[in-house]
Amino acid sequence: MSKKKGLSVEEKRARMMEIFFETKDVFQLKDMEKIAPKEKGITAMSVKEVLQSLVDDGMVDCERIGTSNYYWAFPSKALHARKRKLEVLESQEQRAMLAKELSSLQERRDQLKAEVAKYKDCDPQVVEEIREANKVAKEAANRWTDNIFAIKSWAKRKFGFEENKIDKTFGIPEDFDYMD
């Protein structure tokens with residue numbers, strides 16, 4: 001004596017979808033409870049549960065009209081659902097690839113920034129700033145040179161000192177002159 005083995009939930013779902021796709025019709029629950037056991041071997045007691053799981057997963061549409069619920073599913077909807085799922089998967093893959101590319105480009109940007117920082121001394125703007133600073137320093141040095149010559153001149157007139165004695169006393173070199 002062999003025991004009769006029942007269908008798994010997935011088999012029941014697949015068989016119920018076959019009913020919808022083959023007939024391309026709209027059913028009420030009581031119609032499905034009659035058709036499913038006869039044509040596909042799904043027990044009448046599990047029809048409502050299987051049908052509800054298909055509705056919950058969006059594979060079967062359900063609409064309440066008046067006091068009755070009507071169920072339907074067409075092959076084109078399943079095809080569109082598969083296409084949408086495929087598009088979502090492709091967009092996720094594409095998003096993952098773009099995220100990977102973005103991180104590699106950010107890494108490259110950081111490397112280039114570090115390299116640019118190494119050559120900052122050769123930057124035309126930095127070089128120009130250094131030239132301006134040198135110009136200001138040169139003007140300041142020449143202004144102080146002017147001041148020293150003015151004091152030497154004043155000391156020669158006021159006290160009658162010789163220029164070489166003033167230079168020696170204050171440690172002013174013999175070749176002391178304006179900066180070029």
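Key figures
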item	result
Charge dipole (debye, nearest 20) of the chain; +1 at Cβ of Lys and Arg, -1 at Cβ of Asp and Glu	1200 debye
Reach of Lys135 by Cα under 25 Å, taken over lysines that are not fewer than 8 positions away in the same chain	Lys120
Which listed pairs, of Lys12/Lys77; Lys40/Lys85; Lys40/Lys83; Lys12/Lys85; Lys38/Lys85; Lys38/Lys77, have C-alpha distances above 30 Å, in listed order	Lys38/Lys85
Cα Rg, Dmax, the stretch 57-121, angstrom units	25.2, 83
Cα-based Rg of the stretch 117-180 normalised by 2.2 N^0.38 Å, two decimals	1.70
Electrostatic dipole magnitude of the stretch 1-81 [Cβ: Lys, Arg +1; Asp, Glu -1; Cα centre; debye, to 20]	400 debye
Signed unit charges on C-beta, dipole axis of the stretch 1-151, positive-most listed residue Pro75, Pro37, Trp144	Pro37
Using alpha-carbon coordinates, inclination of helix 124-159 to the longest axis of the chain, degrees	20 degrees
Solvent-accessible area, 1.4 Å probe, carbon plus sulfur percent, for the chain	55 percent
Whole-Hz ³J(HN,Hα) from phi, Karplus 6.51 cos²θ - 1.76 cosθ + 1.60, for the stretch 27-34, glycine and proline x	10, 9, 4, 5, 5, 5, 5, 8
From the coordinates shown, semi-axes √(5λ) of the Cα gyration tensor in Å corresponds to which of (1) 24, 20, 16; (2) 38, 17, 14; (3) 104, 17, 13	(3)
Two-site label geometry, Ala99 and Ile148: point separation in nm, points 7 Å out along Cα→Cβ	6.9 nm
Point-to-point label distance, Arg84-Val26, nm (Cα→Cβ direction, 7 Å offset)	2.0 nm
Straight-distance crosslink candidates among lysines, where the alpha carbon sits under 17 Å from Lys152 and sequence neighbours closer than 8 are dropped	Lys165, Lys168
Per-pair calculated FRET efficiency, R0 = 30 Å: Thr169 and Gln125 via Cβ, rounded to 0.05	0.05
Per residue value of the accessible surface for the stretch 29-151 (all protein chains in place, 1.4 Å probe), Å²	79 Å²
Crossing angle, helix 9-23 versus the chain [Cα axis fit, 0-90 degrees, rounded to tens]	70 degrees
14 Å reach of a label modelled at Glu11, 7 Å along Cα-to-Cβ, counting backbone N of the stretch 40-71	40-43
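The values are calculated or read from the model by the stated rules, or taken from the named source; none is laboratory data. Because the structure is predicted, anything quoted here is derived from the model rather than measured. Ideal geometry is used to build each Cβ from the backbone, glycine not excepted, and the neighbour counts take in all protein chains shown. Remember, those area values only see protein heavy atoms, side chains included, never the ligands or the DNA or RNA. Shrake-Rupley method; radii C 1.70, N 1.55, O 1.52, S 1.80 Å.
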